[in-house]
Amino acid sequence: MTRDKINTEKKILEAARKVFLKKGKDGARMQEIANEAGINKALLHYYFRSKDKLFIAIFDEALDEFIPRIGSVLNSDMSLFDKIRDFTNHYIEFFIENPLLPLFIFHEIRNNPDRIVKLAGQSGVEPILFAEEISRAVDNGLINPVDPRQLIVNMISLCIFPFVGQPLVEAFLFNNDDEKFADFIEIRKKEVGEFIINSIKK
């Protein structure tokens with residue numbers, strides 16, 4: 001691919017992120033994305049034949065960065081508690097950097113769940129190994145009895161919900177104040193990990 005093509009594709013992806021973030025996938029229009037990128041609609045369709053293909057391209061780009069980051073934590077030699085702290089911190093930080101990612105994840109879970117599992121496997125992320133580590137910690141008396149699957153789902157849910165439910169959370173708890181919500185999320189990077197650890201430590 002030539003440098004011009006790479007630059008054009010990058011410009012399209014950046015424009016699409018902005019439009020998807022404002023309008024959501026269903027509300028976004030290819031013409032809006034073309035306008036944001038400063039190109040005509042025909043050129044946009046040359047690079048990405050449909051809105052779905054463009055949406056998936058952004059999703060893949062984000063996951064290519066996100067999954068290895070999480071995998072490096074889960075596959076590390078850190079203690080269980082440090083893994084929980086780093087996992088929740090990285091998870092929330094990445095959603096701050098990529099606010100569209102929760103939308104992408106739910107889109108793919110609904111439409112193509114096997115794809116996420118495959119991408120995770122290719123990146124070396126193996127939740128079953130983390131679950132086994134939790135089980136060993138229970139067996140060795142290091143933490144309170146807990147179903148590892150419940151713990152992992154709790155970790156993910158506590159990280160992702162404020163982003164998925166941001167309009168409601170902002171409206172009900174922060175009177176639609178974006179800055180206060182951002183401060184809340186920043187504190188949550190540490191809060192979630194400590195909350196989970198306190199729920200299982202002896």
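The values are calculated or read from the model by the stated rules, or taken from the named source; none is laboratory data. These figures come from a predicted structure and were not determined experimentally. Every residue, glycine among them, receives a Cβ derived from its backbone with ideal geometry; neighbour counts consider all protein chains shown.
What the table below lists for this structure:
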{"read-out": "When residues of the stretch 125-141 are limited to those that are modelled with pLDDT of 95 or more, among the charged types (D, E, K, R) and over 10 Å from residue 80 (Cβ atoms), the one surrounded by the most Cβ atoms within 10 Å (Cβ to Cβ)", "value": "132"}
{"read-out": "Residues being touching a residue at least 24 places away in the same chain (Cβ under 8 Å), more than 21 Å from residue 102 (Cβ to Cβ) and not charged (D, E, K, R) - total across the stretch 131-168", "value": "7"}
{"read-out": "Qualifying residues in the stretch 123-157 (those that are more than 20 Å from residue 76 (Cβ to Cβ) and acidic (Asp, Glu)) - the one nearest to the chain's Cα centre (by Cα)", "value": "147"}
{"read-out": "Residue within the stretch 8-22 that is aliphatic (A, V, I, L, M), part of a loop (DSSP other than H, G, I, E, B) and surrounded by 12 or more Cβ atoms within 10 Å (Cβ to Cβ) present", "value": "no"}
{"read-out": "Out of 112, 98, 144, sole residue that is surrounded by fewer than 16 Cβ atoms within 10 Å (Cβ to Cβ) and closer than 25 Å to residue 9 by Cα", "value": "112"}
{"read-out": "Condition check for residue 168: surrounded by 14 or more Cβ atoms within 10 Å (Cβ to Cβ), closer than 29 Å to residue 26 by Cα and not assigned by TED's automatic domain parsing to the domain that holds residue 18", "value": "no"}
{"read-out": "Residue match in the stretch 81-99 (condition: under 28 Å from residue 23 (Cβ atoms) and not in a helix (DSSP H, G or I))", "value": "yes"}
